[in-house]
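Visitor: Here you go, one structure.
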Amino acid sequence: MTMNTQKANKTLKIPKIILLTTKFLAFISTKLVVAFAAKLFTTPLKHKVPKRELEMDQKSKQEVVLIPSIGKKVRVYHFGESSKKILLVHGWSGRGTQLVKFAEEFLKLGYATISFDAPAHGKSKGRTTLMPEFIETILELENKFGPFEAAIGHSLGGMSLLNAVKKGLDINRLVIIGSGNIVKDILDDFVQKLELEPKISDLLETHFERNDIQTMNSYSSFHAARSISIPVLIVHDENDDEVPVKCAHHIHENLENSTLLITKNLGHRKILGNPKVIDQVIHFIKNQA
């Protein structure tokens with residue numbers, strides 16, 4: 001399937017001061033530049049809440065919830081009241097209100113949505129985080145507020161949900177939008193954007209795996225997909241400048257029961273507000289839940 005709309009925004013470039021800093025550190029010490037790159041990789045940007053999300057922010061019942069397994073607290077948003085609940089998971093540098101257009105439409109249909117600001121995102125405290133903390137947050141929110149009929153995740157949120165289902169998240173349907181796939185590819189792309197030598201990607205991988213019992217690549221979406229049997233809707237734009245559309249196709253190939261929806265000219269974020277995409281997602285969840 002293809003859809004057309006206005007052109008998507010181009011990917012933001014790395015600030016020049018950051019590039020100069022990384023080059024300087026790389027000249028001085030490999031150890032220093034790896035530590036600096038790791039800090040950058042794990043530090044999300046916090047953006048001002050846009051006007052379109054203010055109503056959801058104001059009308060949501062909000063609370064701070066401790067995630068015991070990671071020792072961090074997150075801000076949780078309850079939008080609407082119903083026994084039929086949908087979990088919404090934002091991506092890197094996103095917010096719990098970022099999937100507002102989905103939340104508003106589900107509210108009209110008698111569903112409630114639960115979302116959250118991941119650690120170091122939005123109103124949640126902290127400065128750094130990684131995907132395993134997204135996954136642990138998802139599983140803890142299921143314990144506290146589930147069961148959820150379905151879940152929708154954008155970008156890193158999609159990757160996190162695939163891994164959460166692999167670890168036992170019990171939902172009937174899953175929707176992933178603009179989801180990344182191979183973790184090593186993400187690291188390679190990050191290092192390339194920092195204009196560093198490719199070997200830094202391998203060193204970063206080693207750095208992150210030092211305190212984790214799992215390899216970073218074990219969190220790759222296609223790995224999780226192989227153990228998932230529930231129906232999954234994969235939505236991705238062919239003009240996504242942040243996450244290549246090949247990710248969607250590879251995830252699709254490794255899922256037992258999936259539907260692929262490829263859009264055009266919606267990019268990585270505008271896709272979240274496209275009426276046709278929202279209608280397709282609602283149809284997938286409402287008519288099959």
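The values are calculated or read from the model by the stated rules, or taken from the named source; none is laboratory data. A quick note: this is a predicted structure, and the numbers were derived from the prediction, not measured. Cβ sites come from the backbone with ideal geometry, for glycine too, and all protein chains shown count toward neighbours. Areas reflect the complete protein model, heavy atoms only, side chains present, ligands, DNA and RNA absent. Shrake-Rupley method; radii C 1.70, N 1.55, O 1.52, S 1.80 Å.
Visitor: Expressed as an acute angle from 0 to 90° and rounded to the nearest 10, what is the orientation of the C-alpha long axis of helix 30-41 relative to the principal long axis of the chain?
Guide: 20 degrees
Visitor: May I pose another question? Using the Karplus curve 6.51 cos²θ - 1.76 cosθ + 1.60 with θ = phi - 60°, work out ³J(HN,Hα) for each residue of region 162-173 in order, rounded to whole Hz, and write x for Gly and Pro.
Guide: Along region 162-173, the couplings run 4, 5, 5, 5, 4, 8, x, 4, 9, 10, 8, 9 Hz.
Visitor: Let me ask something additional. To make sure I understand the rule: partners must be lysines, Cα under 22 Å from the Cα of Lys144, and not fewer than 8 residues away in the same chain. Which ones qualify?
Guide: Within the straight-line limit of under 22 Å, Lys144 reaches these lysines: Lys59, Lys61, Lys72, Lys73, Lys84, Lys85, Lys123, Lys125, Lys166, Lys167.
Visitor: If the cut-off is 17 Å between C-alpha atoms, which lysines fall inside it for Lys199, apart from same-chain ones fewer than 8 positions away?
Guide: List returned: Lys23, Lys31, Lys184.
Visitor: Would you work out the charge dipole size for the chain about its Cα centre, treating the Cβ of every Lys and Arg as +1 and the Cβ of every Asp and Glu as -1, and quote it to the nearest 20 debye?
Guide: In debye, rounded to 20, the chain gives about 920.
Visitor: Identify, among Thr128, Gly180, Asn257, the residue whose Cα sits farthest towards the positive end of the charge dipole of the chain, taking +1 on the Cβ of Lys and Arg and -1 on the Cβ of Asp and Glu, with the dipole about the Cα centre.
Guide: Thr128
Visitor: Then there is this: For region 21-91, what is the relative contact order in percent, using Cα pairs closer than 8 Å and at least 6 residues apart in sequence?
Guide: 18 percent
Visitor: How many nm is it between the label spots at Leu19 and Ser83, if each spot is 7 Å from the Cα in line with the beta carbon?
Guide: Distance between label points: 5.7 nm.
Visitor: As a test, work out the antiparallel percent of DSSP beta bridges whose residues both lie in the chain, rounded to the nearest 5.
Guide: Roughly 35 percent of the DSSP beta bridges within the chain come out antiparallel.
Visitor: Moving on. Helix-derived [θ] at 222 nm for the chain: sum -39500 (n - 2.57) over DSSP H runs of at least 4, divide by residue count, nearest 500?
Guide: Helices in the chain give a 222 nm mean residue ellipticity of -12000 deg cm²/dmol.
Visitor: Okay, moving on. I'd like the accessible area for Asp185: 1.4 Å probe, protein heavy atoms, all chains in place, Å² to the nearest 10.
Guide: Accessible area, nearest 10 Å²: 70 Å².
Visitor: Setting aside same-chain residues fewer than 8 positions from Lys264, which aspartates and glutamates have a Cα under 15 Å from its Cα?
Guide: Straight-distance partners of Lys264: Asp237, Glu238, Asp240, Asp241, Glu242.
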